[in-house]
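> Below is one structure. I have some questions about it.
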Amino acid sequence: MDRCVVLVDAGYLLGAAASLLAGEPMRSRITVDHSSLIQGLRERAESDTGRDLLRIYWFDGAPDRVPQPEHRRLRVMPRVTVRLGALTRSEGRWAQKGVDAAMHAELTELARNRACSDIVLVTGDGDLLPGLMSAKEHGVAVHLWAVQAADGDYNQSEDLVAEADERRVLDRMWITRAVRAKDPTGPFAPQPATRPDIAAILSAPLPEPPAAPAENGTAPPAPEPEQEDEADTEHKGVPTPKDLAALGRHTAAHQSPPSPATLRWSSDKGWSDRGTSPESPEVAGLPTLAQLTTAEQRWADREEDITTVSGDPYEVGQVFAGRWIIRLGGRGDLGQLSVQYPRIPHRIDGELLRYAARFGLLAHKDDQIDEDDRYAIRAGFWREVSDRTGTEHPPTAAQESPGQR
């Protein structure tokens, strides 16, 4: 049929783009606008082949083949199909398994079934050579695309290059339409994007522990300021459990008994000291989303998560909060909830993080959600609460202050 198909080896495309723009083939060194990238691939394929696009196949690896947020965004785009292989870690490096085999199978199947007249391959792996030759034998024109190499040389198998019917190079100008280096000193680094909601949460004051009265009933005098050591000044903003442990050791050496430190967030692991800022009975009694959800709603929620929710941490927080508020109805006092800002009630917060884990937001080295993602998830939750209740949170003014994260 007179249509074209694009098969993309994401490991090659993004790894080569990272080498070109950031100097090393680490995808963590680049940011990708997937919508622009897919649109660019489609336009280039239709222009080069003179055929309408049938479909773009995106082949990538993922830990345990669990779709990551970028895969969820891609697979709901028109004319895009995501195929995932395994991503395994060996000797400190990640390696894809099964991606080449999946591309080979798709390539030969498309050609054998005459599903298209032209196939565009975005890859450099010589293992696809038998599949490329098989496609040619079935009368399919094979176009091989390369990413401009950082050193000006080929970054593809020479046999693959020799066997292709047509070859094109995606140069630096084309790549930078959708890909940017994260290195702030790099020539193609984007301007850092700030989210005012997250800045407001980071700037919200920590709850002050109540001062213990002196024996005569009067407030104790303020202690003389002490020279802060490196452990106290090294971190800014939200303390981690490690920071709190260091703070506890420091205060134990200077004060008896040591004053308690308080985390900004509650957690499903109970890390925060909720005794210094207790939840009101109204807030503590708010039902969880699971308690408010019927079996039919649970099925519909899962369907929506799979087909429309991209997995962006901020969006995940919004979706969760929207469902919770709608089903809560008049069964809780949401006015009391804003008093707790930016802390989400303990049980709701734990449920929110477990919900977010479904979208591949876990850092697989320790099965924890990345700290920046946690901020974005909770900021999305509070934004949805504000939009649906018309409640502005106390530190909203901080959203306008420059210099926030």
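The values are calculated or read from the model by the stated rules, or taken from the named source; none is laboratory data. Fair warning: this is a prediction, and the values are worked out from it, not measured in the lab. Cβ: placed from backbone, ideal geometry, glycine included. Neighbour counts: every protein chain shown.
> Would you confirm whether any residue within the range 278-287 is outside any loop (DSSP other than H, G, I, E, B), modelled with pLDDT under 50 and loosely packed, with under 15 Cβ neighbours inside 10 Å?
No - not one qualifying residue is present in the range 278-287.
> Looking only at the range 323-344, which residues are crowded, with 21+ Cβ neighbours inside 10 Å and modelled with pLDDT of 85 or more?
Hits for the range 323-344 are TRP324, ILE344.
> Where residues in the range 50-103 are at pLDDT below 85 and of a type in the set (Asp, Glu), which of them is surrounded by the fewest Cβ atoms within 10 Å (Cβ to Cβ)?
GLU91
> For the range 5-58, which positions are assigned to a strand (DSSP E or B) and more than 17 Å from VAL169 (Cα to Cα)?
Answer for the range 5-58, where residues must be assigned to a strand (DSSP E or B) and more than 17 Å from VAL169 (Cα to Cα): VAL5, ILE30, THR31, VAL32, ASP52, LEU53, LEU54, ARG55, ILE56, TYR57, TRP58.
> Still on this structure, please answer the following. Across the range 346-360, what is the number of residues that are within 13 Å of the chain's Cα centre (by Cα), in contact (Cβ under 8 Å) with a residue 40 or more places away in the chain and assigned to a helix (DSSP H, G or I)?
1
> Then there is this: Being farther than 17 Å from TYR12 by Cα and of a type outside the set (D, E, K, R) is the filter here; which residues of the range 140-163 pass it?
Answer for the range 140-163, where residues must be farther than 17 Å from TYR12 by Cα and of a type outside the set (D, E, K, R): VAL140, ALA141, VAL142, ALA162.
> Of all residues in the range 292-345, which are in a loop (DSSP other than H, G, I, E, B) and without any contact (Cβ under 8 Å) to a residue 60 or more places away in the chain?
Of everything in the range 292-345, those that are in a loop (DSSP other than H, G, I, E, B) and without any contact (Cβ under 8 Å) to a residue 60 or more places away in the chain turn out to be THR293, THR294, GLY329, GLY330, ARG331, GLY332, ASP333.
> From the list LEU121, LEU129, which one is within 30 Å of ASP2 (Cβ to Cβ), crowded, with 19+ Cβ neighbours inside 10 Å and more than 26 Å from the chain's Cα centre (by Cα)?
Exactly one residue qualifies, and that residue is LEU121.
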